[in-house]
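Everything on this sheet refers to the single structure shown next.
The values are calculated or read from the model by the stated rules, or taken from the named source; none is laboratory data. All of these numbers come straight from a predicted model, not from anything done at the bench. Quick reminder, even Gly has a Cβ in these numbers, built from the backbone with ideal geometry, and neighbours come from all protein chains shown.
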Amino acid sequence: MHSLDELIDATDPALPLLEDWIDDASSDVEVLPVDQAAAEATLVALQVTTRSALGALALHTGGILVDGGWLRILGGGSPRMERSLATWNQIGAPSVRLPGAMLVGDDVLGGFFAIDGGAFGGTPGRVWYMSPDTLEWECLDLGHADWLHWALTGDLDTFYETVRWPGWEAEVAALAPDRAISVVPFLWAEGPPVGERSRRDVPLEELWRLQLELRRQLAGATGGAQA
């Protein structure tokens, strides 16, 4: 295992590039403060250097909230978003949260972004997205750095146009970054537009577990396998 000093790259750090992307953001961005000890522990747990965007996020941010908090990018953890890249993925625990992949971000409706490390059978290092309106993991054909650049500077309105509703900004602004919005009927089920469905504030953990269970049930009904 590499030490903290070995993981901190002072010659070619990714932080300046990350700061440039934040400056060029297409929507409002909030960089959450991070406790230094927690950040260092996260970096050591990940075993990546600060030459990578992942390492820069872990050491220098408590996470990043994009578009009023609609999209949450994980970092070293913060009092406002206690989940870090290490703790949310349960690195070092007897069993990690998503074997063969690392969760790196999520959105308020329970969409999850993960780096493939073998779980999905695609090119290692690509980011996949589990959409709440399909419950399927979809490859975005982006590495983590390219995904991060897209998350900060890309067109989120178009990406999320089918699941946003009039007035979503106020609901999302009132939501803590460790919580999410549960929609009923579920987004993958037939029903009225999202704005006319029941919506409630729930812990993100609850929505994660619910969607895993729904995926298992759907896989059993169709005879398929789910990651």
Problem - Options GLY92, GLY100, GLY77, GLY55; residue that is in contact with a Phe, Trp or Tyr (Cβ under 9 Å, 6 or more places away or on another chain) and without any contact (Cβ under 8 Å) to a residue 60 or more places away in the chain - result: GLY77
Fill in the blank from the handout: The lone condition VAL163 fails out of (1) in contact with a helix residue (DSSP H, G or I) (Cβ under 7 Å, 6 or more places away or on another chain); (2) at pLDDT below 95 is (2)
Completion exercise
Going through (1) over 18 Å from the mean Cα position of the chain (by Cα); (2) of a type in the set (A, V, I, L, M); (3) not in a helix (DSSP H, G or I) one by one, ALA219 fails only at (3)
Practice task
Would you tally the residues in region 125-154 being under 16 Å from ASP107 (Cα atoms) and small (Gly, Ala, Ser)?
Solution key: 3
Handout entry: strands (runs of 3 or more DSSP E) within region 8-77 that include 3 or more residues of a type in the set (A, V, I, L, M) and crowded, with 20+ Cβ neighbours inside 10 Å
Key = 64-66
Problem - Residue under evaluation SER26, criteria (1) closer than 29 Å to TRP168 by Cβ; (2) under 17 Å from the mean Cα position of the chain (by Cα), criterion not met - result: (2)
Practice task
State whether one or more residues within region 134-151 are modelled with pLDDT of 95 or more, of a type in the set (S, T, N, Q) and over 12 Å from the mean Cα position of the chain (by Cα).
Solution key: no
Problem - In region 135-147, residue nearest to VAL29 (Cα to Cα) [restricted to those that are in contact (Cβ under 8 Å) with a residue 60 or more places away in the chain and touching a strand residue (DSSP E or B) at 6+ places or on another chain (Cβ under 7 Å)] - result: HIS144
Fill in the blank from the handout: Restricted to region 179-217 and to residues being of a type in the set (S, T, N, Q) and free of Cβ contacts under 8 Å to residues at least 24 places away in the same chain, the residue surrounded by the fewest Cβ atoms within 10 Å (Cβ to Cβ) is SER198
Practice task
Just need a number here: residues in region 35-55 that are farther than 22 Å from VAL96 by Cβ and of a type outside the set (S, T, N, Q).
Solution key: 3
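Matching residues to (1) closer than 16 Å to ILE115 by Cβ; (2) out of contact with any His (no Cβ under 8 Å at 6 or more places or on another chain); (3) at pLDDT 95 or above:
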site: GLY55; (1), (2), (3): yes, yes, yes
site: LEU59; (1), (2), (3): no, yes, yes
site: GLY62; (1), (2), (3): no, yes, yes
site: VAL66; (1), (2), (3): no, yes, yes
site: ARG72; (1), (2), (3): yes, yes, yes
site: GLY76; (1), (2), (3): no, no, yes
site: TRP88; (1), (2), (3): yes, yes, yes
Exercise for the section: Scan region 78-106 residue by residue and report those that are among the acidic types (Asp, Glu) and in a loop (DSSP other than H, G, I, E, B). Expected result: GLU82
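Okay, residues lined up against (1) out of contact with any Lys or Arg (no Cβ under 9 Å at 6 or more places or on another chain); (2) within 26 Å of GLY62 (Cβ to Cβ); (3) assigned to a loop (DSSP other than H, G, I, E, B):
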| site | (1), (2), (3) |
| --- | --- |
| ASP146 | yes, yes, no |
| THR158 | yes, no, no |
| GLU171 | no, yes, no |
| LEU175 | yes, yes, yes |
Exercise for the section: Scan region 172-187 and give yes if some residue there is under 15 Å from the mean Cα position of the chain (by Cα), of a type in the set (Lys, Arg) and over 21 Å from ASP116 (Cα atoms), otherwise no. Expected result: yes
Problem - Residue satisfying all of: in region 121-134; touching a residue at least 24 places away in the same chain (Cβ under 8 Å) and not in a loop (DSSP other than H, G, I, E, B); nearest to LEU210 (Cα to Cα) among these - result: MET130
